[in-house]
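In what follows, a structure is listed as structure tokens, so that the remarks can point back to it.
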Amino acid sequence: MITKDIQLPVKKSESGMVANVLEQFNKAANHIDLNPNIRRILNVTNNEIIIHFPVKMDNGNVEIFTGYRVQHNNALGPYKGGLRYHETVDIDAAKALAMWMTWKTSLAGLPYGGAKGGIKINPKLYSQSELERITRRFTYALGDNIGPEHDIPAPDVNTNAQTMAWIADTYMSTKSPAERSRYQHVVTGKPVGSGGIEGRDRSTGYGVFLTIKLWAEKRNVSLKGKRFIVQGFGNVGYWASHFMEQEGAILVGVQDAFASIYKPDGIEVKQLNAHIENHEGSVNLFPDAFAIEKDDFFGLECDILIPAALGNQITAENAHLIKAKLIAEGANGPTNVEGERILIENGIEIIPDILCNSGGVIGSYFEWLQNRNGELWHMDEVILKLEKVLKESFNKVYEYANKENVDMRTAAFCLAIQRIEKAYIQRGIFP
Ligand code: GLU
């Protein structure tokens with residue numbers, strides 16, 4: 001038997017994100033004195049799939065794309081997690097993001113494991129019909145490496161309900177016509193009308209808002225009049241801002257991949273959304289807003305910062321600039337370990353990604369159940385149930401953090417890891 005507090009080395013070759021999630025994991029694993037054998041299992045990803053596949057472009061040429069699917073762990077149920085289309089997608093990013101999914105689904109008490117994947121691509125460079133062919137060909141190539149009871153993808157960065165509809169249709173078309181409908185829950189986040197569930201579109205953003213609200217209640221403060229800034233104005237950033245605004249908070253700054261804007265007297269969310277639609281998907285040139293330098297964004301005067309874009313954004317280079325008192329992680333892995341150390345020193349609190357953005361996968365779970373059971377859920381039921389699951393998770397994390405005197409991220413990881421550890425101990429290792 002080896003000693004209990006082994007800390008497995010993080011390989012140099014691994015990207016910032018893998019090192020980051022492993023450090024977060026190891027910190028929590030040390031805190032709960034995780035069984036060393038189970039630590040070994042959780043330290044690696046079960047399956048890593050890399051696929052190179054050809055697609056015919058609109059001009060008749062063939063382009064080769066690279067797609068990934070990493071399945072980290074399925075001790076608690078089928079692998080679950082999104083597919084992203086972005087130039088930063090590679091095997092390391094997929095590995096790290098798959099690990100975060102395992103912790104996220106475990107913390108939420110869902111019967112799922114964790115996976116993530118995507119295609120290394122800038123989707124803006126392709127037409128809609130090219131994206132459809134790319135998606136369908138990737139799905140076909142993945143074959144039965146995904147499946148409704150095995151690995152269930154969902155939307156992530158630059159993928160949406162339309163992408164999921166193509167995946168579902170392609171996957172179902174590979175089955176016999178009589179069996180087709182049994183496979184509808186191979187993906188979640190589908191359009192309502194194609195097996196999707198009402199409310200899935202806003203469930204991540206709603207969860208981000210709700211966890212902020214729950215945090216504010218614990219602190220006895222109101223969100224009314226609180227100023228917030230958002231990095232990334234995709235699905236998560238938009239819906240989180242929408243619900244924050246409804247609660248009386250004021251959006252004062254937004255950054256996307258092209259521009260950063262600041263408007264101290266407030267940005268109307270609906271108006272910004274309409275502007276984005278007419279300005280090639282960017283917040284650039286929003287009327288009466290100051291255009292600011294990219295590096296000045298995190299230093300804006302505000303109460304709450306919502307990173308809702310990519311990983312590794314808050315680092316040792318910029319963490320000391322942050323004026324917000326609370327960071328609510330809508331994105332996965334937006335804060336790296338060094339950045340976090342500075343934030344904690346400065347008394348800034350963090351609602352960690354695996355809690356803060358878990359509304360998305362919780363909504364996915366409801367969609368999966370809806371399809372699996374042949375049911376039709378309505379918006380009010382979805383939101384009500386989502387609130388119930390999120391409140392339970394939030395309270396568990398908050399109480400654990402207080403009781404054990406750790407930050408909320410470590411608390412969330414401890415709870416998530418303990419659930420998996422228990423399952424392994426009950427079951428043992430085959431053979
Ligand atoms: N991509 C989302 C996430 O990172 C949703 C995953 C899902 O619904 O499976 O949590």
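Bear in mind that the values in this text are calculations on the coordinates, not laboratory data. Nothing here was measured: the structure is a model prediction, and the numbers come from that model. Ideal geometry is used to build each Cβ from the backbone, glycine not excepted, and the neighbour counts take in all protein chains shown.
Taking the number of Cβ atoms within 10 Å of each Cβ as an exposure proxy, the fewest-first ranking of TRP100, TRP377 is TRP377, TRP100.
One chain, two ends: LEU384 and ARG341. Fully extended at 0.36 nm per residue, the span grows by 11.9 nm beyond their Cα-Cα distance. From helices alone, the chain scores -13500 deg cm²/dmol at 222 nm; the rule is -39500 (n - 2.57) for each run of n ≥ 4 DSSP H residues, then divide by the residue total. Among the GluC sites (Glu not before Pro) in the stretch 269-348, those placed in a DSSP loop whose Cβ has at most 13 other Cβ atoms within 10 Å are GLU280, GLU293, GLU301, GLU317. Gain on full extension, evaluated as 0.36 nm per residue between SER282 and GLU404 minus their Cα-Cα distance, stands at 39.6 nm.
Checking the a/c ratio against 1.5 first, then a/b against b/c, what shape does the Cα gyration tensor give for the stretch 280-429? Could the numbers behind the result be given before it?
Numbers: a/c = 2.35, a/b = 1.33, b/c = 1.76.
In terms of gyration-tensor shape, oblate.
Taking every DSSP bridge with both residues inside the chain, close to 50 percent are antiparallel.
For GLN231, what charge total do you get from the other residues with a beta carbon under 12 Å from its beta carbon, if Lys and Arg give +1 and Asp and Glu give -1?
Around GLN231, the charge tally is -1.
Remark: TYR171, TYR126, TYR79 ranked as TYR126, TYR171, TYR79, counting other beta-carbon atoms within 10 Å and listing the fewest first. Between rounded, prolate and oblate, where does the stretch 185-309 land on the alpha carbon gyration tensor, with a ≥ b ≥ c its root eigenvalues, rounded for a/c under 1.5, else prolate if a/b exceeds b/c? Since a/c reaches 1.5 but b/c is at least a/b, the shape of the stretch 185-309 is classed as oblate. Modelled spin labels at LYS323 and ILE429, positioned 7 Å past Cα toward Cβ, are 5.2 nm from each other.
ILE51 sits among other residues whose Cβ lies under 12 Å from its own Cβ, and their net charge, with Lys and Arg +1 and Asp and Glu -1, is +2.
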